[in-house]
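Student: Below is one structure. I have some questions about it.
The values are calculated or read from the model by the stated rules, or taken from the named source; none is laboratory data. Computed from a prediction, not measured in an experiment: that's the story for all the values here. Every residue, glycine as well, gets a Cβ built from its backbone with ideal geometry; the counts of neighbours run over all protein chains shown. These area figures cover heavy atoms from the full protein model, side chains too; ligands, DNA and RNA do not enter into them. Shrake-Rupley method; radii C 1.70, N 1.55, O 1.52, S 1.80 Å.
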Amino acid sequence: MRTNNNQSKFKLLQYFSASSAIAFIVTIILLGLFYRDRSINSLLTLGKDNNVALTQSFANTLWQEFAPFLTDTRSLSDLELKNHPKTALLNDAVSKQMRGLSVAKVKIYDLEGRTVFSTDPSQIGQDKSQSGGFIAAKSGKVSTQLDHRDSFGAITGNLDRVKVLSSYLPIYNRDNSQIQGVFELYNDVTPLVESIQKNQINMVLGTTVLFFMLYWGLFAVIKRADSIIDEQKTALLKSQKEYKQKADAEALAAE
C-alpha cells in the first residue's frame, strides 16, 4: 500500500511542479512584453508631443522667412537646390535652433513629396510622395514611428546603431488654414530605449525572484497537504483492516 501512496504523492507534486513552473514562466514573459509595449507606447506619445512642439517652434521662428523659397522650388534642379544660398542659411538656422536637443535630423517636403531641405544634403531632392508618413502629414495627421538604424547621418555627424524616433508633421501657414509643407524630425532616443531595456530586465529578474519564492512557499504547502492526506489514508486503511479482522473473528466465534 505504501508503494501506491508514494506513487500518488510523486505524481501530485510532479504535476504541481510542472504546471506551476509553466504558468510562472508564461506570466513572467507576458509581464516583460507588456512592460516593454507600454513603455515604447509612452515613448512614442512623448516623442510625438515633443516633435509637435518643436515643429510649432520652427514654424513660428523660421517658416515665415523660408516658406516662399521652400514651397516653390519646382524650377530648381536637385543640385541647384542643394547649392542655393537659402538652403545654407536655413541649415545654419535649423542647426542653431536644434542645438542642445535630441534632434538628429530635420527634413522638409513640399506638397508633392520632394525633399526640399534636409540637414543631410545628400537627401535633398529625394521623392517621398509614396511614404505613408508623408501622406498622413499631408492630410493633417501626425505620424510617428520608432526605428533601429545601423548607420544614421545626423546633424552632429554619422551615428552607428541608434534608435531614432521619426515624426512626419504638417506645416501650416500663418493662420493655420492651409498646409504648406511637411516637416520630418528625427530624434535620437537610444539612451531612452536602452533605459527601457534595462528596466525591463530588472523587472523580469525581480518578478522571477518573487515568483520563485511564491513557488517554493506553495510547494511546501502542497507537500505538507499531500503528506497529511497520505497519513489519513494510511490510518483509514489500517482502521479498515482492523475492523475487518475483528468482524472476521466475531463471525468465526459465532460459527
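Student: How far is it, in nm, from the label point at Asp92 to the one at Ile228 when both lie 7 Å from their Cα along the line to the Cβ?
Tutor: Here the modelled spin labels are 8.5 nm apart.
Student: Given 0.36 nm per residue, what is the gain on full extension from Val221 to Ile201 after removing their alpha carbon distance, in nm?
Tutor: 4.2 nm
Student: Measuring from label point to label point, each 7 Å out along Cα→Cβ, what is the Ala254 to Ala235 span in nm?
Tutor: Inter-label distance under the simple model: 3.0 nm.
Student: Expressed in whole Å with the largest first, what are the equivalent ellipsoid semi-axes of segment 174-227 derived from the C-alpha gyration tensor as the square root of 5 times each eigenvalue?
Tutor: 55, 15, 6
Student: How much accessible surface area, in Å² rounded to 10, belongs to the heavy atoms of Glu194 with a 1.4 Å probe?
Tutor: 90 Å²
Student: A follow-up question, please. Which trypsin sites (Lys or Arg not before Pro) in segment 29-110 sit in a loop by DSSP (not H, G, I, E or B) and have at most 12 other Cβ atoms within 10 Å of their own Cβ?
Tutor: Those that pass, being in a loop and sparsely packed, are Arg74, Arg99.
Student: Quick check on the chain: helices-only [θ] at 222 nm, where DSSP H runs of length 4 and up contribute -39,500 (n - 2.57) each and the sum goes over total residues. Nearest 500, please.
Tutor: So the calculated ellipticity at 222 nm is -21500 deg cm²/dmol.
Student: While we're looking at this one, here's another question. Give the angle, between 0 and 90 degrees and rounded to the nearest 10, that separates the Cα long axis of helix 2-58 from the longest principal axis of the Cα atoms of the chain.
Tutor: Roughly 10 degrees, rounded to the nearest 10.
Student: Here's something else I'd like to know. Tell me which label goes with the value of Cα Rg over 2.2 N^0.38 Å computed from the coordinates here: (1) 0.96; (2) 1.94; (3) 1.05.
Tutor: The calculated read-out lines up with (2).
Student: Relative contact order, percent, of the chain when contacts are C-alpha pairs under 8 Å separated by at least 6 residues?
Tutor: 20 percent
Student: How far apart, in nm, are the 7 Å Cα→Cβ label points at Ala23 and Asn83?
Tutor: 7.4 nm
Student: Using a 1.4 angstrom probe, figure out how much accessible area the chain has per residue, in square angstrom, rounded to the nearest whole.
Tutor: 61 Å²
Student: Taking the Cα centre of each part, how many Å lie between segment 199-232 and segment 239-255?
Tutor: Cα centroid of segment 199-232 versus Cα centroid of segment 239-255: 47 Å apart.
Student: Sticking with this one: Taking 0.36 nm per residue of separation and subtracting the Cα-Cα distance, what length does fully extending Ile135 through Ile40 add?
Tutor: So the extension gain works out to 31.8 nm.
Student: Quick one: pull the percent of accessible area on the chain belonging to carbon and sulfur, 1.4 Å probe, ligands and nucleic acids left out.
Tutor: Heavy-atom surface of the chain belonging to carbon and sulfur, 1.4 Å probe: 58 percent.
Student: Relative contact order for segment 117-255 using alpha-carbon pairs under 8 Å, separation at least 6, rounded to a whole percent?
Tutor: Answer for segment 117-255 is 14 percent.
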